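Visitor: Please see the structure below; I have some questions.
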Amino acid sequence: MGADMDRAGDRTDGDGADGAAMSSAEHADTARVARRDDAVRAAVEQGLVTPDHPIAALLDVRGIRASAAALHAAFAAVTAPGTPVLHAFAVKATPLVPVLRLLGEEGIGAEVASPGELALATAAGIPPERTVLDSPAKTPAELRQALALGVAVNADSPQELERLDAQVRSAPTGSPLGIRVNPQIGGGSIEALSTATATSKFGVALRDEGARAWIVRAYADRPWLTRLHTHSGSQGMPLELMARGVAETYALAEEINRHVGRHQVDTVDIGGGLPVDFGSDSMAPTYAQYARLLREAAPGLFDGRYGLVTEFGRSLLAKHGTVLARVEYAKSAGGRAVAVTHAGVQIATRTVYAPGSWPLRIAAYDAKGRPKTGPDVVQDVAGPACFAGDLLAEGRPLPLLEQGDHVAALDTGAYYFAHHYAYNSLARPGVYGFVPAGDTPRFAVVREPQTLAEIVEESGGARADSLTDL
């Protein structure tokens, strides 16, 4: 179990150790920044970033382990002894097999939403009993595979439940089965990530006419339904609203169990969605804060009568990833300095297309990978793609970037370099994990840089004549 990583100024558990807690959090943040700076310098010195390979992604292994430990500790502190708790990483956040293997070693399972993600989790060695399948569009084949393996499944709609009916009748399964409900509590500041709005595509809309009664009947008719699932959203969602969604789902579980006269629903899957502070190096909000808030909102959920499943993703990985890119050219336009780099829309698609919702912090490093100093100059940090909006940052004050310097896009460990956007057939960057090792970090290859031959192959290179031969 890891230490509570509450940031400075956050309340503690009432043990009177506010000063110690603040010092611990500040120390952890400072140590993480120091590891990042060391890794950037070493990546340049060891040739992970060169004129021929001008972009790479770096993952802080020690930081990832610390986040996993903090997650375990946070829920252990609020649940009754002996409560079964499965923390399942949302594979969509960073779909890289070595990352999933690392998290599995730290006691984290997998939440998957497609056959591809299930294949990645399997390749990483995540056992079926620590895997949860969520998706609004599961095919009959996907359901059959999950039920044959014993993977937990949350039905997203009445029609999907009918498919489960048929498959459960035809073949026994050890899969824990449940229904995803949408508590319809409202959205956060990013509409696209708010999954508990009145018209969300996810789950059974709990407040629609007749829906609650239908759900209760569905459980009464199916003793094999033993779970309830909810997920209200992620980045941009207030913690209080997320906790309210969990509390309403817990209340529904209690209602179902009263109606059927037995403890049929024995596990509540509360989803994930803890937002990340993209404006600073602080790990805030923390798992400990959120767990305490959940216990206040739904104390009965934590008294040992219910097992728990969580599905955190971004919050486990974001702070531990860095995209490092060389400045290919430094120029000016309209009196503004522009640093043209190799990091753009292909690795930061959300930031480029929706910068207001997904701003990234940028750190400047010199040609040797050392933090760049000097007066701040308002400048743009541009990517390599052929459209004007390919900007990692616009009008950002930074030490003046020059040709051969480096920029680092921070907090990019989730939903960035692992989700390649092949604009201009730009290659996927190599991904490297690192750990401290004396004065020089030690690196391991997570994913090799994509080659030109691989780009051609993916683009139908072996079938060049397929259309002309028609």
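The values are calculated or read from the model by the stated rules, or taken from the named source; none is laboratory data. Here the structure is a predicted model, which means the values were calculated and not measured. Note that we place each Cβ from the backbone using ideal geometry, even for glycine, and neighbour counts take in every protein chain shown.
Visitor: Could you check the range 133-150 and list, in sequence order, the residues that are of a type in the set (A, V, I, L, M) and touching a Lys or Arg at 6+ places or on another chain (Cβ under 9 Å)? I'd like the intermediate steps shown before the answer.
Guide: Here is the first cut: in the range 133-150, the ones of a type in the set (A, V, I, L, M) are 133, 137, 141, 143, 146-149.
Listed by number, the residues that qualify are Leu143, Ala146.
Visitor: Leu316: touching a residue at least 24 places away in the same chain (Cβ under 8 Å) and touching a helix residue (DSSP H, G or I) at 6+ places or on another chain (Cβ under 6 Å), yes or no?
Guide: Working: touching a residue at least 24 places away in the same chain (Cβ under 8 Å): yes; touching a helix residue (DSSP H, G or I) at 6+ places or on another chain (Cβ under 6 Å): yes.
For Leu316, the condition - touching a residue at least 24 places away in the same chain (Cβ under 8 Å) and touching a helix residue (DSSP H, G or I) at 6+ places or on another chain (Cβ under 6 Å) - is met.
Visitor: Here's something else I'd like to know. List the helices (runs of 4 or more DSSP H) that sit entirely inside the range 31-137 and contain at least 1 residues that are of a type in the set (Gly, Ala, Ser), farther than 28 Å from Arg292 by Cβ and not assigned by TED's automatic domain parsing to the domain that holds Gly433. Give the derivation first.
Guide: On the way: elements: 61-76, 97-105, 115-123.
Per the criteria, 115-123.
Visitor: Moving on. In the range 94-123, what residues are in contact (Cβ under 8 Å) with a residue 40 or more places away in the chain and farther than 30 Å from Gly300 by Cβ?
Guide: Thr94, Pro95, Leu96, Pro98, Val99, Leu102, listed by residue number.
Visitor: With the requirement that a residue be buried (at least 17 other Cβ atoms within 10 Å of the Cβ), small (Gly, Ala, Ser) and in contact with a Gly (Cβ under 9 Å, 6 or more places away or on another chain), what does the range 331-357 give you?
Guide: Hits for the range 331-357 are Ala343, Gly344, Ala348.
Visitor: Find the residue count for the range 299-347, including only residues that are more than 23 Å from His420 (Cα to Cα) and within 20 Å of the chain's Cα centre (by Cα).
Guide: 3
Visitor: Same structure, new question: If you check Ala318, Ala325, Ala343, which single one turns out to be part of a loop (DSSP other than H, G, I, E, B), among the aliphatic types (A, V, I, L, M) and within 30 Å of Val435 (Cβ to Cβ)?
Guide: Ala343
Visitor: Looking only at residues in the range 407-421 that are touching a helix residue (DSSP H, G or I) at 6+ places or on another chain (Cβ under 7 Å) and more than 19 Å from Ser234 (Cα to Cα), which one is surrounded by the most Cβ atoms within 10 Å (Cβ to Cβ)?
Guide: This residue is Ala408.
Visitor: Let me ask another. What about Ala196, is it under 21 Å from the mean Cα position of the chain (by Cα), modelled with pLDDT under 95 and closer than 28 Å to Gln264 by Cα?
Guide: Details: under 21 Å from the mean Cα position of the chain (by Cα): yes; modelled with pLDDT under 95: yes; closer than 28 Å to Gln264 by Cα: yes.
Yes; evaluated as a whole, the condition is true for this residue.
Visitor: How many residues does the range 107-140 hold that are hydrophobic (A, V, I, L, M, F, W, C) and touching an Asp or Glu at 6+ places or on another chain (Cβ under 7 Å)?
Guide: Total satisfying the criteria: 2.
Visitor: Can you name the residue in the range 246-270 that is assigned to a helix (DSSP H, G or I) and of a type in the set (Gly, Ala, Ser) and, of all such residues, is nearest to Asn154 (Cα to Cα)? Outline the logic, then answer.
Guide: Initial filter on the range 246-270 (assigned to a helix (DSSP H, G or I)): 246-260.
In the following step, the residues that additionally are of a type in the set (Gly, Ala, Ser) were identified as 247, 251, 253.
On the way: Ala247: 18, Ala251: 18, Ala253: 14 Å.
This residue is Ala253.
Visitor: Next question. Where the second residue is of a type in the set (D, E, K, R) and surrounded by fewer than 14 Cβ atoms within 10 Å (Cβ to Cβ) and the first is on the phi > 0 side of the Ramachandran plot and outside any strand (DSSP E or B) and lies in the range 364-384, which pairs have Cβ atoms under 9 Å and are six or more apart or on separate chains?
Guide: What qualifies is Gly369/Glu45.
Visitor: Another one. Taking the condition surrounded by 15 or more Cβ atoms within 10 Å (Cβ to Cβ), β-branched (Val, Ile, Thr), at pLDDT 95 or above and within 15 Å of Leu401 (Cα to Cα), does Val323 pass?
Guide: Details: surrounded by 15 or more Cβ atoms within 10 Å (Cβ to Cβ): yes; β-branched (Val, Ile, Thr): yes; at pLDDT 95 or above: yes; within 15 Å of Leu401 (Cα to Cα): no.
The answer is no for Val323.
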